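Notes to accompany the following structure.
The values are calculated or read from the model by the stated rules, or taken from the named source; none is laboratory data. Predicted model, so just to flag it, every value in this text is computed and none were measured. Cβ placement follows ideal geometry from the backbone for every residue including glycine, while neighbour counts extend to all protein chains displayed.
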Amino acid sequence: MISVVVPTYNEAENLPELLERLDRALAGRSYEVVVVDDGSPDGTAEVARRLAGRYPVRVLVREERRGLSSAVVEGARLARGDVVVVMDADLQHPPELVPKLAETAERGCLAIASRYVKGGKVKGWPWHRRFVSRGATLLARILLPEARPVKDAVSGFFAYRSDCIANVKPTGLYKILLDILVQCKPQCVVEIPYLFGLRTRGRSKLGTRHIADYLRQIFALARWRPLKFAVVGASGVGVALAVIYLTSFLPTPLSVALAIETSLTSNYLLNKWWTFADRHTPLLAGWAKYHIATAVGNGVNYLTTLVLHFLGVWVYVAYLVGVVAGYIANYVFSELAVFK
C-alpha cells in the first residue's frame, strides 16, 4: 500500500481536485491519503471527511498550527503503507508524479521531486523568491554533508520508508526533508524532475517566519558549526591583536603576518577539537590543509588590513575589518576541504 501524507492549513478549495487527480494517478494501486490538518478555519478537515466517502481518506485534526514537519511525522505514524509520499495540498506538487516517487521508494531509495535537476523547472516565481530558494539550497549543501549530493534538498515533495519518517525528530517547523537526510541517512537518493507551478487557489504561506525557522534549523542540524567557527575566530582575533602588540617593534607587514599565522594555528586546533569534533582529521595533514583552505580568506584579511592601515586607519581597527572580510571564505573552505 502507498500512503500519501498531506499536511494542510486552509486548503479546502484545493482538496477536491487533489484527491480526484490522486485517485486517477493511482488507479489500480492500493493507496490511502492521510490528511493532517492544523485546525484550518476554512473547514479543510470537514471537506476531507466529506470526500472520505468517495476516496480512501483518513483525517487527523490538530487543534493548533504546529508546523508541516511534525504533521508529516504524525501522518507517517498513522500510515498503513510501507512507503509514504509527502506532498502539499496546494496543487503545486503534481499528483501525477506520485506513482513514480512511490515506485522509487519501494526500491529502497529516498525519492525527491526536484525543481533543480535537469528537466525540473519553477514556473512564474519572481526573482526574490528564486533567490531565497536557491540560497536556502546552497546553504544546506555547504553546511550539511548529507545534503551535498542533492540538488533540491529543501523540496517538500518526496517519498521514503514510513518507518524512517515516523521516527524522525523534527528540528524545524517546515523543512522535514533535511531531517530525513541527516537522521535517516538514506543509502540511495534519486531526484526526479518536475515542474513546480503557481498556485491557482489560496495564498502562499512563505514568510519571514519560515526563513527565520529555516536558518535556525539549518544551524541546529549543522551542530551550530558556523557559530562555533565564529567564536573560534573571535578568540583568534584576540591572539592576533596580542601578537601585533608584542611585535610592535617589527615592521608592520611582518608583525601582521606573524599575527595571522599564530591565530591561524590557534583557530585550527580549536576548530579541530570543538567545532568539527565529530569529524576525524589528521593533525598535521589537517593543519597543512587549513593553511591552504584559509589562504583566500587570510589573503583578504592581510591585504585589507595593510591597505586600511596605509590609508591612515589604526592598525587594530584595520585588522578587525580584515577579519570580517575573510570569515566567510575561511568557513566555506574549512567545511568543504579541511574537516570534510
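Worth pointing out:
- Number of residues in the range 31-44 that are at pLDDT 95 or above and surrounded by fewer than 22 Cβ atoms within 10 Å (Cβ to Cβ): the value is 1.
- Of the set (1) loosely packed, with under 14 Cβ neighbours inside 10 Å; (2) closer than 24 Å to residue 143 by Cβ, all apply to residue 332 but (1).
- Checking each residue in the range 96-130 for being in a helix (DSSP H, G or I) and touching a residue at least 12 places away in the same chain (Cβ under 8 Å) picks out 96, 97, 98, 99, 100, 101, 102, 104, 105, 106, 129.
- Pairs with Cβ under 6 Å, 6+ apart, first in the range 257-271 and in contact (Cβ under 8 Å) with a residue 40 or more places away in the chain and more than 20 Å from residue 282 (Cα to Cα), second among the hydrophobic types (A, V, I, L, M, F, W, C) and assigned to a helix (DSSP H, G or I): 259/240; 259/243; 259/244
So that you can scan it fast, the table gives a plain yes or no per residue for (1) modelled with pLDDT of 95 or more; (2) more than 22 Å from residue 98 (Cα to Cα):
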| residue | (1), (2) |
| --- | --- |
| 120 | no, no |
| 137 | no, yes |
| 159 | yes, no |
| 177 | yes, no |
| 180 | yes, no |
| 203 | no, yes |
| 212 | no, yes |
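- Screening 323, 300, 307 for residues that are at pLDDT below 90, surrounded by 21 or more Cβ atoms within 10 Å (Cβ to Cβ), over 26 Å from the mean Cα position of the chain (by Cα) and not in a loop (DSSP other than H, G, I, E, B) leaves exactly one candidate, 323.
- In the set (1) of a type in the set (Ser, Thr, Tyr); (2) buried (at least 21 other Cβ atoms within 10 Å of the Cβ); (3) over 29 Å from residue 183 (Cα atoms), the condition left unmet by residue 252 is number (2).
- Number of positions in the range 283-323 that are aromatic (Phe, Trp, Tyr) and closer than 20 Å to residue 337 by Cα: 2
- Single residue of 245, 331, 302 found to be among the aromatic types (Phe, Trp, Tyr), within 21 Å of residue 225 (Cα to Cα) and not assigned by TED's automatic domain parsing to the domain that holds residue 145: 331
- Flag for residue 102 being aliphatic (A, V, I, L, M), farther than 21 Å from residue 174 by Cβ and at pLDDT 95 or above: yes
- Residue 98 meets each of the listed conditions (1) of a type in the set (Val, Ile, Thr); (2) more than 13 Å from residue 178 (Cα to Cα); (3) in contact with a Phe, Trp or Tyr (Cβ under 8 Å, 6 or more places away or on another chain) apart from (3).
- Being under 21 Å from residue 166 (Cβ atoms) and touching a Pro at 6+ places or on another chain (Cβ under 8 Å) is a description that does not apply to residue 59.
- Meets criteria (among the aliphatic types (A, V, I, L, M), buried (at least 16 other Cβ atoms within 10 Å of the Cβ), under 20 Å from residue 74 (Cβ atoms) and in contact with a strand residue (DSSP E or B) (Cβ under 6 Å, 6 or more places away or on another chain)) for residue 113: no
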